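The values are calculated or read from the model by the stated rules, or taken from the named source; none is laboratory data. Computed from a predicted model, the values in this text were never measured in an experiment. Quick reminder, even Gly has a Cβ in these numbers, built from the backbone with ideal geometry, and neighbours come from all protein chains shown. Note: accessible area is taken over every heavy atom of the protein model, side chains too, but ligands, DNA and RNA are not part of it. Shrake-Rupley method; radii C 1.70, N 1.55, O 1.52, S 1.80 Å.
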Amino acid sequence: MQHWINRCRDHLSQQGESYLSHMWGATKLVLLLLSLSVKCLIHSILPCFFTTAVSDSVDKLAKMSRRAK
């Protein structure tokens with residue numbers, strides 16, 4: 001168990017984040033990806049909807065995934 005705790009602490013330290021800020025950032029990313037998944041599904045059935053949803057979000061996804069290394 002201590003091994004996993006140490007790995008989590010190391011990861012958070014490398015990212016320069018607290019536990020809560022890391023959890024919030026990951027949660028925002030999950031919600032964005034879920035939203036895009038639903039939009040893609042709707043677009044696959046009705047191509048006239050959400051025609052640029054994914055391409056419009058690529059920069060946002062890249063920015064959210066960039067963190068301290």
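Of the accessible area of the chain, computed with a 1.4 Å probe over protein heavy atoms only, carbon and sulfur atoms account for 65 percent.
Secondary-structure-derived ellipticity at 222 nm for the chain, considering helices only, amounts to -26500 deg cm²/dmol, per-run term -39500 (n - 2.57) for DSSP H runs with n ≥ 4. Which whole-number percent gives the relative contact order of the chain, counting Cα pairs below 8 Å spaced six or more residues apart? Answer for the chain is 35 percent. Taking the longest Cα principal axis of the chain as reference, the axis of helix 53-65 is set at about 10 degrees. With the simple spin-label model, which puts each label point 7 Å out from Cα in the Cβ direction, the MET64 to LEU31 separation comes to 0.9 nm.
Calculated FRET efficiency, ARG7 to SER57, Cβ-Cβ distance, R0 = 30 Å: about 0.45 to the nearest 0.05. Once the 1.4 Å probe is applied to the protein heavy atoms, the chain comes out at 83 Å² accessible per residue. Legend: residues ARG66, ARG7, sorted from most to least accessible area (1.4 Å probe; ligands, DNA and RNA excluded), read ARG66, ARG7.
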